[in-house]
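First comes the structure, then the notes that go with it.
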Amino acid sequence: MRKLFCILFVICSMACNAQSWNDWMQGQQKAYEAGARDAKLLHARMEIAGGDYANAYKKLKELANESYEAAFLLGTCYELGMGTSVNHDLAKRYYSKGGSAGRFALDRIKSRGYLESSDANRKAFSNGVSMLINGQAGGGYNSFGGSGSSSGSSSSSSTCRSCRGTGNCTMCHGRGGYYHNAGIYVGDTGRTWTTCPGCNGSGKCQVCYGSGSIR
């Protein structure tokens with residue numbers, strides 16, 4: 001009887017250890033998959049920042065059902081024509097899955113219309129993503145502005161919707177550039193100045209070219 005009890009104890013211990021091992025392996029697999037998704041999303045952000053829209057679009061399509069941010073970015077790809085053709089229906093569909101940034105985009109569309117699929121707007125969004133990656137002021141998805149679709153108004157001029165009439169670049173807010181950590185010693189501040197790629201240092205809105213209105 002004692003021998004049978006010992007055998008049963010060993011079997012139960014082995015079964016518990018096997019279950020613990022399986023649980024640990026499943027946890028490791030989930031952690032690996034989450035890490036892989038985060039890495040792919042980071043690469044997609046970097047590709048948008050660098051203007052490689054085609055590869056960013058491919059990654060975002062794979063991630064859109066698993067990440068609010070990826071869904072929002074995919075919606076932007078469809079709205080601005082980044083790596084794919086403009087498709088407003090798909091833009092709205094993915095914005096609806098895009099968390100707070102997606103809701104902001106839907107509210108913008110409702111109040112101001114779709115953004116124009118232009119090089120200026122694509123570049124402005126890329127610059128905003130770049131600043132977000134680098135932790136710079138002014139970076140971020142909800143801060144991005146752009147001109148909406150034409151309303152067909154017969155007015156000869158209207159306030160620029162990109163800069164809201166300020167005439168300032170929406171990326172650098174009229175400063176012409178921004179400081180960022182250099183990663184190497186560059187003097188007392190440890191920071192270096194980078195000319196804004198959105199306005200090439202002019203500080204002017206690239207939609208209205210600093211006038212504050214569109215004719």
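The values are calculated or read from the model by the stated rules, or taken from the named source; none is laboratory data. Predicted model only: the values in this text are computed from it and were never measured. The accessibility values were calculated without ligands, DNA or RNA, using every heavy atom of the protein model including side chains. Shrake-Rupley method; radii C 1.70, N 1.55, O 1.52, S 1.80 Å.
Take the residues of segment 88-116 that are open to solvent by 50 Å² or more (accessible area, probe 1.4 Å) and outside any helix (DSSP H, G or I): which is nearest to Ala54 (Cα to Cα)? Result: Glu116.
Looking only at segment 55-87, which residues are open to solvent by 50 Å² or more (accessible area, probe 1.4 Å), part of a helix (DSSP H, G or I) and more than 19 Å from Leu106 (Cα to Cα)? First the steps, then the outcome.
Of the residues in segment 55-87, the ones open to solvent by 50 Å² or more (accessible area, probe 1.4 Å) are 55, 58, 61-62, 65-66, 68, 85-87.
Filter once more, so that each one left must be part of a helix (DSSP H, G or I): 55, 58, 61-62, 68.
Asn55, Lys58, Lys61, Glu62, listed by residue number.
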